[in-house]
Amino acid sequence: MTKIRSSDASNMDDRRGQAGGGSSGGGFSIPGMGGGGLPIPGGMKAGGGLLGIIVLLAAILLPQLMGGSDSTQGAIAPASNQTTGEACSSELERVVCGVTNDVQAYWTKALPTYLGTKYQMTKTRLFNQPYPTGCGKASPETGPFYCPADFLVYIDLGFMQQIEKQFVGATSDLAEQYILAHEYGHHVQNLLGTNAKVQQASRKNPSKANKYSIALELQADCYAGAWVGDANRRDLLDSPSEIDEAIAAAEGVGDDRIQQATQGRINPESWTHGSADQRRTWFLKGFDTLDPSKCDTFTGLL
């Protein structure tokens, strides 16, 4: 458990109960992943334990090279103000609202200080029915994601509730906070133009697309680590064990761990996120240095 809670819904865009009419750009898809949607992996319903939560987290934190164009850097597309008192009323909602507010307050100071760019506030959009996004039509099974085309983080809280119900004993706070911090790391990449550069490089040299994707994901892990380190410095973590859990989560979503657990073999050529050791290393790089400018995972690539 952490102390990061909030009832302030000003950075939430609550679309729950609204079914989006029509889809922009067809079904939700992520290049290189084959079909849309991120259902909970099969066979994990009973006795999932730590392995279950690790596999589920891996499904959530997929590559963010979806749907955006090279022109995504710039002004944020406005999200209509659908905030309501209910958006941050339950315990789970207060966790999501708290991270949304705190991580953006962090980047408002850190981005100009360390990376020389002004941070642009955005929103976390709650949805629970199929909904059109700038990256295609998302469904509740899609899981949390960031869409660089419309500068929004999307999350279905029902997905998080499944984590709590199916993986008893898992630290749900950790999963939720790590996921949101990672997704807002992708928002920072969008503001810096990193997403556009990666897309350009991937089109120019498709054989290195997976390497670019890994660098993008590891940098988002490092950015998340920098925020967690800052939260720890501000005494927002209840105990040192939470840091160990965050490190374990970063390791657990390594491609090698996921492939071994789901396929029984490891194929580095198909990695899109990086190994457990890489993810741990870059998370700790951000956590230990508290300096997002140290999160350069693209050396020699771009």
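The values are calculated or read from the model by the stated rules, or taken from the named source; none is laboratory data. In this text, all values refer to a predicted model and were calculated from it rather than measured experimentally. Cβ placement follows ideal geometry from the backbone for every residue including glycine, while neighbour counts extend to all protein chains displayed.
Here are the numbers:
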| read-out | value |
| --- | --- |
| Unmet requirement for Thr281, which otherwise passes all of (1) outside any loop (DSSP other than H, G, I, E, B); (2) hydroxyl-bearing (Ser, Thr, Tyr); (3) over 19 Å from Trp227 (Cα atoms) | (3) |
| Selection count where residues are within 20 Å of the chain's Cα centre (by Cα), of a type outside the set (Phe, Trp, Tyr) and not in a helix (DSSP H, G or I), scope region 238-271 | 2 |
| Odd one out for Asp238 among (1) in contact with a strand residue (DSSP E or B) (Cβ under 9 Å, 6 or more places away or on another chain); (2) at pLDDT 95 or above | (2) |
| Test: residue in region 212-223 that is more than 18 Å from Pro292 (Cβ to Cβ) and in contact with a Leu (Cβ under 7 Å, 6 or more places away or on another chain) | yes |
| Residue list for region 84-111, restricted to those being touching a Lys or Arg at 6+ places or on another chain (Cβ under 6 Å) and either charged (D, E, K, R) or over 16 Å from Tyr184 (Cβ atoms) (or both) | Cys88, Arg94 |
| Selected residue (only one of Gly185, Gly169 is closer than 22 Å to Leu152 by Cβ and either modelled with pLDDT of 95 or more or outside any helix (DSSP H, G or I) (or both)) | Gly185 |
| Per-region count, region 10-29, residues hydroxyl-bearing (Ser, Thr, Tyr) and at pLDDT 65 or above | 1 |
| Residue among Ile214, Ile179 that is touching a helix residue (DSSP H, G or I) at 6+ places or on another chain (Cβ under 9 Å), crowded, with 24+ Cβ neighbours inside 10 Å and of a type in the set (Val, Ile, Thr) | Ile179 |
| Residue check, Gly193 farther than 20 Å from Gln161 by Cβ, crowded, with 21+ Cβ neighbours inside 10 Å and not β-branched (Val, Ile, Thr) | no |
| Test: residue in region 277-299 that is of a type outside the set (D, E, K, R), out of contact with any helix residue (DSSP H, G or I) (no Cβ under 7 Å at 6 or more places or on another chain), farther than 19 Å from Glu183 by Cα and at pLDDT below 95 | yes |
| Residues of region 256-280 classified as in contact (Cβ under 8 Å) with a residue 40 or more places away in the chain and of a type outside the set (A, V, I, L, M), total | 10 |
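Every residue, every condition in (1) farther than 15 Å from Ala110 by Cβ; (2) of a type in the set (A, V, I, L, M), yes or no:
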{"site": "Ser202", "(1), (2)": "yes, no"}
{"site": "Asp221", "(1), (2)": "yes, no"}
{"site": "Trp227", "(1), (2)": "no, no"}
{"site": "Ser275", "(1), (2)": "yes, no"}
{"site": "Asp291", "(1), (2)": "no, no"}
{"site": "Leu302", "(1), (2)": "yes, yes"}
